[in-house]
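The values are calculated or read from the model by the stated rules, or taken from the named source; none is laboratory data. None of the values given here were measured: they were computed from a predicted structure. Because the Cβ atoms are built from the backbone with ideal geometry, glycine has one as well, and the counts that use them run over all protein chains shown. Note: accessible area is taken over every heavy atom of the protein model, side chains too, but ligands, DNA and RNA are not part of it. Shrake-Rupley method; radii C 1.70, N 1.55, O 1.52, S 1.80 Å.
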Amino acid sequence: EGAIRFEDVRFHYDAEREILKGISFDVPAGHTIAIVGPSGAGKSTISRLLFRFYDVSGGRILIDGQDVRDVTQESLRHAIGMVPQDTVLFNDTIAYNIRYGRPDATEEEVRAAASMAQIDRFIETLPQGFATEVGERGLKLSGGEKQRVAIARTILKAPPILILDEATSALDTHTEREIQAALDQVSRNRTTLVIAHRLSTVVNADLILVLEAGRIVERGTHGDLLASK
Ligand code: ADP
Ligand code: ADP
């Protein structure tokens, strides 16, 4: 479950400029695809189309053989989990923020997800910046910690497809390693589309697409791409 297929996908946000100029690729269920390329190449646009934030201008996108235009928004939200670059948190406890991924989850499941993402020690606190009735000041979370809240949310939701928009921001190496470990956990057994910046995910991907100005200019495994240099 979770196979993704792009068939000659074209897309433009506005009439002036085509952003994706015929993108085709196939990801079997459970495989990992990494999309690399310079800023502005269209990497994030691919994930937005998969989520159907926008509809394609040409071609089609299939999930498990079904055109995403024939799938309800609700099913898409169940099928796809996203760990974005910048996580926006709700005005409630970290536990609430994690549970948002699956409201019916038990307390134990929420704790287990938090533990895998290594944020279990502060799940009962509020993020800083949010008012509380008792006037308590919330906990200041670093970018890496916020990202781990999003990872915990995704672990709990366990969607067949996972989109990772990797942070380009300068996380320290220790945090980065911790986040990578949590992501390795959550991406196991699912189809994963990574907007990649870090070498580690690229090395592990089953398929790497090199995107430039809306076109795939190279594709292959890490070994293939090294051999072609
Ligand atoms: P990448 O993820 O590879 O950096 P994006 O997919 O974010 O690239 O963007 C591809 C191109 O589309 C860029 O030139 C960007 O400026 C443009 N773009 C992105 N979002 C919009 C939008 N909402 N409206 C118009 N142009 C956009
Ligand atoms: P990043 O590469 O940092 O993720 P994005 O390309 O995702 O940045 O853009 C951030 C936001 O700005 C998105 O919501 C995107 O839709 C919007 N955006 C990006 N480029 C344009 C553009 N040229 N015109 C209008 N909106 C844009």
query = Which Rg and Dmax, in Å, describe the Cα atoms of the stretch 1-150?
reply = 18.7, 55
ask   = Mind checking the dipole of the stretch 1-151: about its Cα centre, +1 per Lys or Arg Cβ, -1 per Asp or Glu Cβ, Debye to the nearest 20?
value = 480
ask   = Cα axis of helix 107-116 to longest principal axis of the chain: angle in degrees, 0 to 90, nearest 10?
value = 60
query = Counting other Cβ atoms within 10 Å of each Cβ, which chymotrypsin sites (Phe, Trp or Tyr not before Pro) in the stretch 1-46 have at most 13 and sit in a DSSP loop?
reply = 13
key: Å² of accessible area per residue within the chain, as computed with a 1.4 Å probe and no ligands counted   = 51
key: Global geometry of the stretch 57-132, whether rounded, prolate or oblate, following the gyration tensor of its Cα atoms and the 1.5 cut on a/c   = prolate
query = For residue 110, what charge total do you get from the other residues with a beta carbon under 13 Å from its beta carbon, if Lys and Arg give +1 and Asp and Glu give -1?
reply = -2
query = Mind checking the angle between helix 173-187 and the chain's longest principal axis? C-alpha axes, 0 to 90 degrees, to the nearest 10.
reply = 70
task = For the stretch 68-114 and the stretch 1-40, write down the distance between their C-alpha centroids in whole Å.
result = 24
